[in-house]
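The values are calculated or read from the model by the stated rules, or taken from the named source; none is laboratory data. From a predicted model like this one, the values you see are computed outputs, not experimental measurements. Note that we place each Cβ from the backbone using ideal geometry, even for glycine, and neighbour counts take in every protein chain shown. In case anyone asks, the SASA skips ligands and DNA or RNA and just uses the protein heavy atoms, side chains included. Shrake-Rupley method; radii C 1.70, N 1.55, O 1.52, S 1.80 Å.
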Amino acid sequence: MRIAVVGTGYVGLVTGTCFAEMGNTVTCVDNDAEKIRRLREGIIPIFEPGLDTMVRSNAKAGRLAFTTCLPDALETALFCFIAVGTPVSEDGSADLRYVMAAAREIGDSISGYKVIIDKSTVPVGTADLVRKAIEEGLARRGLSGLEFDVVSNPEFLKEGVAIEDFMRPDRVIVGAENAHAAELMKDLYEPFVRNQNPVLLMDVRSAELTKYAANAMLAARISFMNEMAGLCDAVGADINHIRIGIGTDRRIGMPFLYAGLGYGGSCFPKDVKELVVAGRRNRVEMEMMKAVDAVNERQKTYINTLIERKFGADLSGRLFGVWGLSFKPQTDDLRESPSLVLIGKLLARGALIRVHDPVAMEGAAKALRDAGDRVGYCEDMYDALKGVDALVLATEWKEFRQPDFDEMRRLMKSPVIFDGRNQYDPAALAGMGFEYFCVGRNVPRGR
Ligand code: NAD
């Protein structure tokens with residue numbers, strides 16, 4: 001089948017590549033000419049395990065192409081995915097300007113039947129707006145009456161395991177208003193659900209809202225655990241025991257029960273905020289979503305509070321090593337990364353920083369450029385510890401799990417660790433002579 005994908009970011013590039021991998025002919029479109037130029041040379045703009053090899057092999061086989069020209073991509077395509085960004089607006093709502101621009105361009109380009117698919121995460125009612133924008137374009141071109149369908153097909157991939165998620169989805173959500181479009185979508189996804197995982201057909205509005213509901217539930221679990229962790233520290237309990245104690249209950253389950261620095265990334269923060277605004281728009285107070293968001297905002301400074309308790313509010317003259325910059329491991333995505341918030345607050349208190357991240361240093365250097373040489377970028381994780389007053393672990397990359405603690409103690413000015421991801425065993429660390437602070441497991445020794 002022939003497919004166009006508008007927007008070649010984390011979702012669009014994975015979507016296009018995975019459809020090509022199944023034998024389809026895909027053209028990925030982006031209005032970032034530099035990105036398209038690099039993709040044509042086989043240079044992948046993001047870090048996503050396995051994606052580079054897959055992009056190159058499909059491009060070589062002639063199934064995957066890249067262009068800035070949407071009309072060219074649409075000419076022969078039956079399916080057109082919209083996978084552009086929907087960042088947060090100032091009022092917390094989803095900013096639809098990129099989706100609507102794409103819809104208008106589609107309306108200005110198509111001249112035959114297409115299935116237009118909203119893959120971006122968009123508020124309820126967006127498919128109607130997309131339909132209207134396309135109809136207006138067709139009317140301007142004297143093509144009123146040309147048939148097309150607008151389908152909602154939200155994406156559930158996780159950065160870091162995006163290919164696996166796309167190739168073997170737990171489920172595929174398809175919101176379609178008629179059986180013809182639904183059947184075409186089912187056919188398109190058939191190779192991805194041979195494991196019998198379902199393609200769930202529903203109305204468009206329910207599909208649009210399902211995506212928000214999923215992210216809201218996951219974000220809520222994280223905020224719940226972070227709130228419990230705060231109470232653990234206050235009463236001398238261990239959040240790890242709580243996690244296992246409740247996660248083994250089959251009604252609850254183990255995933256997404258980790259306390260930490262709060263959720264970040266390009267999805268949870270903005271999607272929770274959009275739900276709050278969506279509620280307001282529809283006169284439904286989203287009390288839980290407001291609380292989930294508020295707890296998350298508070299959590300981002302939890303480790304800073306512990307640091308200030310140890311070193312005082314004035315951190316000038318102090319040097320901190322920070323391990324991890326991306327919002328989670330296995331990605332270079334820095335959007336809404338709690339690590340950057342933490343670093344920003346340390347800098348505001350006068351501290352100097354040495355950072356290390358396996359893949360996100362280039363982007364971080366851009367994000368932190370105002371700090372100039374107050375932030376040092378270290379290619380080696382141990383270099384980031386030279387002469388530091390403390391290490392802050394902010395992203396749980398695997399290489400940070402079992403580091404050489406002897407070497408660390410030798411390099412650091414003082415053996416103090418603030419672990420925002422609960423990676424280490426407090427008793428073991430104390431035994432090695434470290435002063436160790438974490439999230440919800442700061443049980444006084446001897447208790
Ligand atoms: P992104 O910012 O990485 O990519 C968006 C791309 O769209 C950019 O390359 C941009 O240049 C391009 N673009 C914008 N307007 C365009 C236009 N008119 N024509 C052509 N290209 C255009 O965004 P992303 O992370 O891939 O997210 C895309 C959507 O998918 C969002 O709605 C997001 O909420 C949703 N989503 C993201 C993830 C994720 O893990 N990143 C997962 C599920 C869903």
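Of note:
- Residue identified as assigned to a strand (DSSP E or B), modelled with pLDDT of 95 or more and open to solvent by 60 Å² or more (accessible area, probe 1.4 Å) among L200, L129: L200
- Hits in the range 73-101 (condition: more than 25 Å from F268 (Cα to Cα) and either outside any loop (DSSP other than H, G, I, E, B) or open to solvent by 30 Å² or more (accessible area, probe 1.4 Å) (or both)): A73, L74, E75, T76, L78, F79, C80
- Taken together, the criteria place R104 among residues that are open to solvent by 20 Å² or more (accessible area, probe 1.4 Å) and more than 23 Å from the chain's Cα centre (by Cα).
- Evaluation of T25 against (1) open to solvent by less than 30 Å² (accessible area, probe 1.4 Å); (2) away from the ligand (no atom under 14 Å from the Cβ); (3) farther than 22 Å from V359 by Cβ (one fails), failing number: (1)
- Residue list for the range 132-144, restricted to those being of a type outside the set (G, A, S) and surrounded by 13 or more Cβ atoms within 10 Å (Cβ to Cβ): K132, I134, E135, E136, L138, R141, L143
- Condition check for D333 on (1) in contact (Cβ under 8 Å) with a residue 40 or more places away in the chain; (2) in a loop (DSSP other than H, G, I, E, B); (3) open to solvent by 20 Å² or more (accessible area, probe 1.4 Å): one failure, at (3).
- Qualifying residues in the range 274-294 (those that are touching a residue at least 24 places away in the same chain (Cβ under 8 Å) and among the acidic types (D, E)) - the one surrounded by the fewest Cβ atoms within 10 Å (Cβ to Cβ): D293
- When A65 is tested against (1) touching a Phe, Trp or Tyr at 6+ places or on another chain (Cβ under 7 Å); (2) assigned to a strand (DSSP E or B); (3) of a type outside the set (K, R), just one condition goes unmet, and that condition is (1).
- Among the residues here, A207 qualifies as buried (at least 18 other Cβ atoms within 10 Å of the Cβ) and free of Cβ contacts under 8 Å to residues at least 60 places away in the same chain.
- Qualifying residue in the range 145-158 (condition: of a type outside the set (S, T, Y), closer than 23 Å to I3 by Cβ and open to solvent by 50 Å² or more (accessible area, probe 1.4 Å)): yes
- For the range 42-62, a tally of residues being of a type in the set (A, V, I, L, M, F, W, C) and outside any helix (DSSP H, G or I) returns 5.
- The set of residues in the range 146-165 being more than 12 Å from the ligand (Cβ to nearest atom), part of a loop (DSSP other than H, G, I, E, B) and over 16 Å from D128 (Cα atoms) consists of L146 alone.
- Taken over the range 231-275, residues that are among the β-branched types (V, I, T) and either within 16 Å of the ligand (Cβ to nearest atom) or part of a loop (DSSP other than H, G, I, E, B) (or both) amount to 3.
- Residues that are assigned to a helix (DSSP H, G or I) and either out of contact with any Ser or Thr (no Cβ under 8 Å at 6 or more places or on another chain) or of a type in the set (D, E) (or both) within the range 282-299 comprise E287, M288, M289, K290, D293, A294, E297, R298, listed in sequence order.
- Qualifying residues in the range 52-69 (those that are within 12 Å of the ligand (Cβ to nearest atom) and under 12 Å from T8 (Cβ atoms)) - the one most open to solvent (accessible area, probe 1.4 Å): T68
- Qualifying residue in the range 9-20 (condition: more than 10 Å from the ligand (Cβ to nearest atom) and not in a helix (DSSP H, G or I)): no
- Of all residues making up the range 107-120, the number that are part of a loop (DSSP other than H, G, I, E, B), open to solvent by less than 70 Å² (accessible area, probe 1.4 Å), within 12 Å of the ligand (Cβ to nearest atom) and of a type in the set (D, E, K, R): 1
- Test: residue in the range 435-443 that is open to solvent by less than 40 Å² (accessible area, probe 1.4 Å), aliphatic (A, V, I, L, M) and on the phi < 0 side of the Ramachandran plot: yes
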